[in-house]
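Student: Take a look at this one; I'll ask things after.
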Amino acid sequence: MDDVVYRCGDLTEEDIAFLQKIENDMPIVADVSRADLLIYGRVSPNRAAVVAQARPHSIAPIHPELVVGRTMTAAEEPLVCQALGRGRSVHGNRTLIPDGAPVLQEVRPICGGEGKVLGVLSIETNLIEHERHHRRSKVFQRAVRQLQEMLLRGEIEGAQQLSPFGEHDGIMVVDSQGQIRYASGIATGLYRRLGYLDSLLGKRTSELKTEDEALVVRAWREKRCLEEETQEGHRVWIKKAIPLISHGERLVGLRRFLGSPSLEPRLVGVLLTVHDETEVRRKERELKVKSAMIQEIHHRVKNNLQVIAALLRMQSRRSESEEVRRALNDSVARILSVAVVHEFFAQQEAKIINIRDVSQRIVNHTRQGILQPDKRIRLTLSGPGIYLPAQQATTCALIINELLQNAVEHGYERKPGGTISVNLRDDGDRVVITVVDDGQGLPEDFSLEQADSLGLQIVQTLVQDDLKGQFELREGDGVSAIVTFPKRTLGGEEAWNERE
């Protein structure tokens, strides 16, 4: 609920808590009513503010944008201000700006103790849906009205646990004797899939070979909304049961149906909604199977890369040429840097990878694999977690591996040791990776464009062609290798970072 409620008249904490209770119950009522629901509070004699809002899932909403917190004048919302001033329900037509669509608005007071008007509930629907509603069964119209009255009295319990009621969901009204008094066309079609070809009207829930009767009785006994998933034949259904309470109506046969003489004679029926979840569950199972297959493929690729790396290590140990051994060991490191990415995908279903985790694994491989015992070189990693798509993550893994190897092999030829740091930085729309060493620096005649180092050539190619970024070397107290590249989108969503 918006904080503007604290500027609405002389509302007490108890009053505001009651309005919040109504706000929590509004979504399911908006869905069943096929209407937008707004709670207005009075901020002055001629001004009202929207303190809560619920938009329906069963129809296109009147207000596509949130209007909570907005203040309206009496000229903008005359019916709202009339209802707030008189404490009585009013209704009428108005034109919704900017599209000019005709809207039917019914405004009803929300009363607290001793008839105090706490605010008003505006029930707004388009004219076409309003006409459709009035052509539906009187039983359904009365049930919707009872549900709206329950909302105003704060009598709906358990509504927050209900999932939305959608436009393709069926709905039925079951009376106090367990008899189906109304069934929508969608509900009739859903039950026909189970073999109920006759009309549902007049049937008792006990006649249906489903879990309907048990759910209805539970909702009546517990006097609260219930939702459960059931297996009906080969179909998966999600059903909701909403008890209907009406003051002053006589309940015929309620005690006989429930088998309990102690229930209050105010429960007049139940709204039973049916949602077919079968296709969604089937797609979920297919996605799980595909995901498991993809993870297995990544696992096998990782294992194959590790086998290749092991073979190259064996070949390196057999070689008598130091140059050949160095080349083979460099290849092993490159292969393992790619294997790291596949290892992460083999362990998780996400389509993006935290490049910090990948960098840490590469740092560990470098520390264990190519650091010479006589060189006291310390490797560090800093920066936030940055999530990148698979292709960018793989490229970054190769780049970080090459820059680390280059710093280890060439930065400390004439120095006993030092520190090499990998720093990650997120600049919003781009990522910066910096590998800094405090080694001996670059040769005097060094030129990046003319460098014959295979590792640096690989880095330049990957940065320019794959990442569409820039690569530069800076000399200071050692060498800083800086890679800057734009984030790439994945399915329309930008890579994102996780601050430490």
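The values are calculated or read from the model by the stated rules, or taken from the named source; none is laboratory data. Only a predicted model underlies this, so the values are computations on that prediction, with no experimental measurement involved. Note that each Cβ is placed from the backbone with ideal geometry, even for glycine, and that neighbours are counted across all protein chains shown.
Student: Within the range 15-31, work out how many residues are of a type outside the set (Val, Ile, Thr) and either touching a helix residue (DSSP H, G or I) at 6+ places or on another chain (Cβ under 8 Å) or not in a helix (DSSP H, G or I) (or both).
Tutor: Start the filter on the range 15-31 by keeping residues that are of a type outside the set (Val, Ile, Thr), which leaves 15, 17-21, 23-27, 30-31.
Keeping just the survivors that are either touching a helix residue (DSSP H, G or I) at 6+ places or on another chain (Cβ under 8 Å) or not in a helix (DSSP H, G or I) (or both) gives 19, 24-27.
The number of residues fulfilling the criteria is 5.
Student: Now for a separate question. Scanning the range 1-41 for residues that are among the small types (Gly, Ala, Ser) and either surrounded by fewer than 20 Cβ atoms within 10 Å (Cβ to Cβ) or in the same structural domain as Glu227 (by TED's automatic domain parsing) (or both), which turns out farthest from Leu152 (Cα to Cα)? Spell out the reasoning first.
Tutor: Filtering the range 1-41 for residues among the small types (Gly, Ala, Ser) gives 9, 17, 30, 33, 35, 41.
In the following step, the residues that additionally are either surrounded by fewer than 20 Cβ atoms within 10 Å (Cβ to Cβ) or in the same structural domain as Glu227 (by TED's automatic domain parsing) (or both) were identified as 9, 17.
Values: Gly9: 19, Ala17: 13 Å.
Checking each candidate, the answer is Gly9.
Student: Now a separate question. Quick one: how many residues across the range 461-500 are modelled with pLDDT of 80 or more, surrounded by fewer than 20 Cβ atoms within 10 Å (Cβ to Cβ) and not in a loop (DSSP other than H, G, I, E, B)?
Tutor: Qualifying residue count, the range 461-500: 13.
Student: What number of residues within the range 403-423 are surrounded by 21 or more Cβ atoms within 10 Å (Cβ to Cβ) and in a strand (DSSP E or B)?
Tutor: Matching residues across the range 403-423 total 2.
Student: Are any residues in the range 370-388 outside any loop (DSSP other than H, G, I, E, B) and at pLDDT below 85, and if so, which ones? Before the answer, list the steps.
Tutor: As a first pass, look at the range 370-388 and keep what is outside any loop (DSSP other than H, G, I, E, B): 376-382, 385-388.
Residues satisfying the conditions are Arg376, Ile377.
Student: Among the residues of the range 175-199, count how many are crowded, with 21+ Cβ neighbours inside 10 Å and out of contact with any Lys or Arg (no Cβ under 7 Å at 6 or more places or on another chain). Walk me through it before giving the result.
Tutor: The initial filter retains those residues of the range 175-199 that are crowded, with 21+ Cβ neighbours inside 10 Å, namely 175-176, 178, 180, 182-183, 190-191.
Next, from what is left, pick out any that are out of contact with any Lys or Arg (no Cβ under 7 Å at 6 or more places or on another chain): 176, 182-183, 190-191.
Qualifying residue count for the region: 5.
Student: Does Ser44 qualify as being outside the structural domain of Pro164 (by TED's automatic domain parsing), of a type in the set (Ser, Thr, Tyr) and free of Cβ contacts under 8 Å to residues at least 12 places away in the same chain? Even if it seems obvious, please write down each step before you answer.
Tutor: Numbers: outside the structural domain of Pro164 (by TED's automatic domain parsing): yes; of a type in the set (Ser, Thr, Tyr): yes; free of Cβ contacts under 8 Å to residues at least 12 places away in the same chain: yes.
Considered against the rule, which asks whether it is outside the structural domain of Pro164 (by TED's automatic domain parsing), of a type in the set (Ser, Thr, Tyr) and free of Cβ contacts under 8 Å to residues at least 12 places away in the same chain, Ser44 comes out as yes.
Student: Is it true that some residue in the range 393-402 is assigned to a loop (DSSP other than H, G, I, E, B) and crowded, with 21+ Cβ neighbours inside 10 Å? If you could, list the steps in order and put the result at the bottom.
Tutor: Residues of the range 393-402 that are assigned to a loop (DSSP other than H, G, I, E, B), as a first pass: none.
Looking for residues that are assigned to a loop (DSSP other than H, G, I, E, B) and crowded, with 21+ Cβ neighbours inside 10 Å, one finds none in the range 393-402, hence no.
Student: Could you list, in sequence order, the residues of the range 1-41 that are free of Cβ contacts under 8 Å to residues at least 12 places away in the same chain and not acidic (Asp, Glu)?
Tutor: Across the range 1-41, the qualifying residues are Tyr6, Thr12, Ala17.
Student: Restricting attention to the range 223-242, does a residue exist that is without any contact (Cβ under 8 Å) to a residue 24 or more places away in the chain, acidic (Asp, Glu) and either surrounded by fewer than 16 Cβ atoms within 10 Å (Cβ to Cβ) or not in a helix (DSSP H, G or I) (or both)?
Tutor: Residues of the range 223-242 without any contact (Cβ under 8 Å) to a residue 24 or more places away in the chain: 228, 230-231.
Filter once more, so that each one left must be acidic (Asp, Glu): 228.
From what is left, the residues that are either surrounded by fewer than 16 Cβ atoms within 10 Å (Cβ to Cβ) or not in a helix (DSSP H, G or I) (or both) are 228.
The answer is yes, given that some residue of the range 223-242 is without any contact (Cβ under 8 Å) to a residue 24 or more places away in the chain, acidic (Asp, Glu) and either surrounded by fewer than 16 Cβ atoms within 10 Å (Cβ to Cβ) or not in a helix (DSSP H, G or I) (or both).
Student: For the range 385-427, enumerate the residues that are in contact with a helix residue (DSSP H, G or I) (Cβ under 9 Å, 6 or more places away or on another chain) and among the β-branched types (Val, Ile, Thr).
Tutor: Matches in the range 385-427: Ile386, Thr394, Thr395, Ile399, Ile400, Val408, Ile420, Val422.
Student: Now for a different question. Could you pull out every one of the strands (runs of 3 or more DSSP E) wholly within the range 51-148 that has 3 or more residues that are hydroxyl-bearing (Ser, Thr, Tyr) and modelled with pLDDT of 90 or more? Explain how you work it out, then say what you get.
Tutor: Working: elements: 71-73, 90-96, 101-111, 117-126.
Here the list is empty.
Student: Being under 26 Å from Ala327 (Cβ atoms), in contact with an Asp or Glu (Cβ under 9 Å, 6 or more places away or on another chain) and modelled with pLDDT of 85 or more is the requirement here; does Val422 meet it?
Tutor: Details: under 26 Å from Ala327 (Cβ atoms): yes; in contact with an Asp or Glu (Cβ under 9 Å, 6 or more places away or on another chain): no; modelled with pLDDT of 85 or more: yes.
No.
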